[in-house]
Amino acid sequence: ALASEIVSHGHLGIEGRALKATYGWLEGGAGTDVYGFSALPGGARHAENGLIYNQGFGGDWWTPSSHHLFLLQTSDLIGEGMTDKHFWFSVRCIKDSE
């Protein structure tokens, strides 16, 4: 869905780079922020032990399903995975246009 839309606009193989903020990522990981998504590498937090994973290196966002999307400092792609609700990921809120 999201990756397909970005690819349809000519960003094949660099979908993740097009979403990443131009700052805030570890060296070499910043993106071009073509869509104003400004994805930052907030990492993920484990609900049970409170540990934070991948901060500065990766970012994870919940989708409407039980999947999550992730971006990594070392990749220009968008990753998708399944996980349980024991991880706290970022949420992106979008206002509907009228």
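Can you name every residue in the range 4-25 that is touching a strand residue (DSSP E or B) at 6+ places or on another chain (Cβ under 7 Å) and either more than 13 Å from G42 (Cβ to Cβ) or open to solvent by 80 Å² or more (accessible area, probe 1.4 Å) (or both)?
If the condition is that a residue be touching a strand residue (DSSP E or B) at 6+ places or on another chain (Cβ under 7 Å) and either more than 13 Å from G42 (Cβ to Cβ) or open to solvent by 80 Å² or more (accessible area, probe 1.4 Å) (or both), then G16, L19 are the ones that fit.
Could you tell me whether the range 26-35 includes any residue that is open to solvent by less than 30 Å² (accessible area, probe 1.4 Å), of a type in the set (D, E) and touching a helix residue (DSSP H, G or I) at 6+ places or on another chain (Cβ under 8 Å)?
Checking the range 26-35: not a single residue is open to solvent by less than 30 Å² (accessible area, probe 1.4 Å), of a type in the set (D, E) and touching a helix residue (DSSP H, G or I) at 6+ places or on another chain (Cβ under 8 Å).
Which members of the range 66-86 meet the condition of being in a strand (DSSP E or B) and crowded, with 16+ Cβ neighbours inside 10 Å?
Residues satisfying the conditions are H68, L69, F70, L71, L72.
Residue by residue, here is whether (1) in contact with a Lys or Arg (Cβ under 9 Å, 6 or more places away or on another chain); (2) touching a residue at least 40 places away in the same chain (Cβ under 8 Å); (3) of a type in the set (S, T, N, Q) holds:
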residue	(1), (2), (3)
L26	no, yes, no
P41	yes, no, no
G59	yes, no, no
K85	no, no, no
W88	yes, yes, no
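Find the residue count for the range 43-57, including only residues that are within 21 Å of R17 (Cβ to Cβ) and either hydrophobic (A, V, I, L, M, F, W, C) or free of Cβ contacts under 8 Å to residues at least 12 places away in the same chain (or both). Steps first, please.
Of the range 43-57, the ones within 21 Å of R17 (Cβ to Cβ) are 43-44, 54-57.
Imposing the further condition that a residue be either hydrophobic (A, V, I, L, M, F, W, C) or free of Cβ contacts under 8 Å to residues at least 12 places away in the same chain (or both) reduces the set to 44, 57.
Adding up the residues that qualify gives 2.
Pull up the range 87-98, narrow it to residues that are charged (D, E, K, R) and loosely packed, with under 10 Cβ neighbours inside 10 Å, then point me to the one that is farthest from E27 (Cα to Cα). Even if it seems obvious, please write down each step before you answer.
Within the range 87-98, the subset charged (D, E, K, R) is 92, 95-96, 98.
Then keep just the ones that are loosely packed, with under 10 Cβ neighbours inside 10 Å; that gives 95-96, 98.
Details: K95: 32, D96: 34, E98: 39 Å.
Top of the filtered list is E98.
The values are calculated or read from the model by the stated rules, or taken from the named source; none is laboratory data. Note that the structure is predicted; figures quoted are calculated from it, not measured. Heads up, the Cβs are rebuilt from the backbone with ideal geometry, glycines too, and the neighbour counts pull from every protein chain shown. Surface accessibility is based on the protein's heavy atoms, side chains included, excluding ligands, DNA and RNA. Shrake-Rupley method; radii C 1.70, N 1.55, O 1.52, S 1.80 Å.
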